[in-house]
Structures are given as C-alpha cells and as structure tokens.
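The values are calculated or read from the model by the stated rules, or taken from the named source; none is laboratory data. Treat the numbers as computed from the prediction; the structure is a model and nothing was measured. Don't worry about glycine lacking a Cβ; one is built from the backbone with ideal geometry, like all the others, and counts go over all protein chains shown. Calculation scope for accessible area: heavy atoms of the full protein, side chains included, ligands and nucleic acids excluded. Shrake-Rupley method; radii C 1.70, N 1.55, O 1.52, S 1.80 Å.
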Amino acid sequence: MSFLERATTELRNTLSDAYGSLVYGDDAGAPSVLVLILHPPASDLCFLEVNGRAYVSSVAPDGDASSAGVAPRDAVQLAVPLSDTSWSERRAAAHALTLERR
C-alpha cells in the first residue's frame, strides 16, 4: 500500500470516527479491551453498522454483556464467532487478544 493510499484510508477512518462520535456521542471513557464470551443463543446484544464500523445498539439489562460492562454506543473493534464450542473461555479470550494485537 502506497503512502497516499494509506493516508487516504486513515483520513477516511478519521472522518468515519468523527461522524460516529457526532451521531452517537462519545461515552467519554478511556479505551479498554474487553473480551466477552457469549454462548448461544446470545440475544442480549444488538449491533448496528455506521460507515463500515460496528457499534452496540442495545444491551439487555439482565444479560451477560451488561454485567461485563458493555453499553449502547460502544464501538466493536473485533468480533470472532467461534463454532467450536469445545474452546474454554480462557482459550477463546487469549485467541481474541492475539487477533487484536495484529
């Protein structure tokens, strides 16, 4: 990727983030890493997409996501659906954090 392509991508992402902050507001919190393992059927979270970015649109107040601190308007950086249910939560969390660092 050339410098110009990279700069264009960064500018596009910056404008997208500014739009998301304007439309959905900023929770004024510091960025944090949260690994949340949801087992099917995981219906306590709803998502929406704005300019190619995923945001949490609603959280069931009595669900696992709410208990873990997920709130509406949180940005989703990485979501990995795993069909292999034999993974332990520790292994799944380690895998998600490894992918996040890439």
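For this structure, a couple of remarks:
- Protection proxy ranking, highest mean first, for peptides 58-70, 7-19: 58-70, 7-19, where packing is the per-residue count of other beta-carbon atoms within 10 Å, averaged.
- Rounded FRET efficiency, nearest 0.05, which uses the C-beta distance separating residue 6 from residue 58 and R0 of 35 Å: 0.50
- Neighbours of residue 51 by Cβ distance under 12 Å: Lys/Arg scored +1, Asp/Glu scored -1, total 0.
- Ranked order, 73, 53, 101, 90 - accessible area, probe 1.4 Å, largest first: 90, 101, 73, 53
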